[in-house]
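Each remark here refers to the structure printed beneath this line.
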Amino acid sequence: MTLFKKIISTAFMCVCFQAQASNVILIIGDGMDDQQISAARNYLYGAQGHSILSTLPIRSAVQVLTVDEQDPNLVKYVADSANSATAMASGGITSRGRIGTSANKNLDFKTIIELAQESGLKTGLVSTASITDATPAAFIAHVNDRGCQSVKHMVAYEDHGDRIIDCSDDIKQRGGKGSISEQLADSQVDVLLGGGLKYFKRHNEANNQTLLVQAQTNGFEYIDNLNNSDALNSHKKLLGLFAKGHLPVRLQGTDGRIAEKSSYSFLNFFHRYLGYVTLPEVMTCESNPEFVKKSTPNLKDLTQLALKRLQNDKGFFLMVESASIDKQSHKRNPCGSIGEAQ
């Protein structure tokens, strides 16, 4: 067991596994760093303003190590959501793309949710991404690639035409735990809220029922909106899927505008002090019509529902992820990122 894993395990037991009820809420802004925090604060509150994050009493930074898949002794300095979330969920150091498993040897790491369940705590995951996405998946699932989200993605699947995904060792037929969506449907997590309905409409490996039916057979009550959440059976586990894939973001640039690149004069290509550079026009943000049209629940409402369901005498662990801070940054969409960071 690594030193980091010992620390996180000991801290978790000290905080959570006391005689009285103790609750742990881990909030993750996926891909969020100082630049996303500063952009959201400056746009929403002004350069001298204060966001909720800037009022927190303690602020620090940690480094999540990433290792090479073929040589786990070789450290890499560019991580992804999968190995980072695996480290946060378990303390295990692994390679990019892995979900709850070690590099090279494909050994499972025990996650904080599994530790909580063993101690009788309730558990939950909330995300604005598909709940099969890398960050939420790493707290429950164990599979060798983040892309193995459903049965159709498990064996020699071509992902976006640029890489081949293969999790054939993880299929149930070979003694594995199955795809990420299968593992979620089979899980004992009390609350799962996010997107990803398209993965649960697909059939399981045995091809005898959809994963949505499989989840309901496993004791989950399914909802696709929050209108009737008060009428839910409080004794059942809850599966809420509010979009086919990721949830729509709250904000967009005016008329869907994203960040354009600057334009350069001919002379400027020869030297940066020659010619001129024309910057794009200042961007403003507006509500995303898709978010409004689909009555998408916001992260606050999803979290409040999860907290209501998880309340009990012993305690709970809840992970909450604002997932599209990162996804919108990849798309050069500052307004989308700002809306998810506020």
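For every helix of n ≥ 4 consecutive DSSP H residues, a contribution of -39,500 (n - 2.57) applies; sum these over the chain, divide by its total residues, and give [θ] at 222 nm rounded to the nearest 500 deg cm²/dmol. Numbers along the way, then the final one.
Details: 12 runs with 97 residues, N = 342.
Computed mean residue ellipticity for the chain: -7500 deg cm²/dmol.
Collect residues whose amide H, placed 1.01 Å from N in the peptide plane, falls under 5 Å from the amide H of Leu238; neighbours closer than 5 in sequence don't count.
Val191, Leu192, Glu221
Quick one: if you stick a label point 7 Å off each Cα along the C-beta vector at Leu53 and Gln311, how many nm between them?
3.0 nm
Contour minus end-to-end for Ser234 and Tyr276, with contour as 0.36 nm per residue of separation and end-to-end as the Cα-Cα distance?
Taking Ser234 through Tyr276 to full extension adds about 8.7 nm, to one decimal.
At 1.4 Å probe radius, can you tell me the per residue accessible area of the chain in Å²? Display every interim value, and only then the final one.
Numbers: 18140 Å² over 342 residues.
Per-residue accessible area for the chain comes out at 53 Å².
So, R0 is 51 Å and r is the distance between the beta-carbons of Glu260 and Val155; what FRET efficiency does that work out to, to 0.05?
0.80
Starting from the Kirkwood Rh over alpha-carbon pairs, what translational D in µm² s⁻¹ does the range 237-307 have by Stokes-Einstein at 37 °C and 0.692 mPa s?
207 µm²/s
Mean-square fluctuation check for the chain, GNM, Cα pairs under 10 Å: which of Thr303, Thr132, Thr86 is largest?
In the Gaussian network model the winner is Thr303.
One quarter of the convex hull surface, Cα atoms only: what value does that give for the range 73-112 in nm²?
Its Cα hull, projected and averaged over all orientations, spans 2.6 nm².
So if I take the centroid of the Cα atoms in the range 24-66 and the same for the range 101-150, what is the distance between those two points in Å?
Here the two parts' Cα centres lie 24 Å apart.
Once you treat every alpha carbon in the range 104-170 as an equal point and sum by Debye, what is log10 I(q)/I(0) at q = 0.14, 0.22, 0.29 Å⁻¹?
Those come out to -0.50, -1.00, -1.26, one per q.
Could you state the per residue volume, in Å³, of the convex hull enclosing the Cα atoms of the range 134-253? Don't skip to the answer; put the middle values down first.
Working: hull volume 14.6 nm³, N = 120.
In the range 134-253, the Cα convex hull volume per residue is 121 Å³.
Below 8 Å, C-alpha to C-alpha, sequence gap of six or more: please give me the relative contact order for the range 46-168 in percent. Don't skip to the answer; put the middle values down first.
Details: 201 pairs, mean separation 23.0, N = 123.
19 percent.
Can you tell which of Ala243, Ala156, Ala137 shows the greatest fluctuation in a Gaussian network model of the chain with Cα springs below 10 Å?
Ala156
Under 1.5 on a/c is rounded, so check that first for the range 67-157, then, if it is not, pick prolate when a/b is larger than b/c and oblate when it is not; a ≥ b ≥ c are the square roots of the alpha carbon gyration tensor eigenvalues.
Oblate, since a/c reaches 1.5 and b/c is not below a/b.
How would Lys105, Lys308 line up by accessible area, probe 1.4 Å, largest first?
Details: Lys105 150, Lys308 130 Å².
Sorted descending by solvent-accessible area, the residues read Lys105, Lys308.
Mind telling me which of Leu74, Leu302, Leu239 comes out most flexible in a GNM of the chain, alpha-carbon contacts under 10 Å?
Among Leu74, Leu302, Leu239, the largest GNM mean-square fluctuation belongs to Leu74.
I'd like the carbon and sulfur percentage of the solvent accessible area for the chain, probe radius 1.4 Å, heavy atoms only, ligands and nucleic acids excluded. Numbers along the way, then the final one.
On the way: 9590 of 18140 Å².
Ligands and nucleic acids excluded, carbon and sulfur give 53 percent.
Using Cα pairs under 8 angstrom and six or more residues apart, how large is the relative contact order of the chain, in percent?
Details: 671 pairs, mean separation 72.9, N = 342.
After rounding, I find 21 percent.
State the volume of the convex hull built on the alpha-carbon positions of the range 41-109, expressed per residue in Å³ and rounded to an integer.
Convex hull volume per residue, Cα atoms: 116 Å³.
How high is the FRET efficiency from Lys105 to Val62, r the C-beta distance, R0 22 Å, rounded to 0.05?
It comes to 0.30.
To the nearest 0.05, how large is the calculated FRET efficiency for Gln35 and Asn208 if R₀ is 45 Å and r is the Cβ-Cβ distance?
0.40
The values are calculated or read from the model by the stated rules, or taken from the named source; none is laboratory data. Model, not experiment: these values are computed from the prediction. Cβ sites come from the backbone with ideal geometry, for glycine too, and all protein chains shown count toward neighbours. For accessibility, only protein heavy atoms count, side chains too; no ligands or nucleic acids. Shrake-Rupley method; radii C 1.70, N 1.55, O 1.52, S 1.80 Å.
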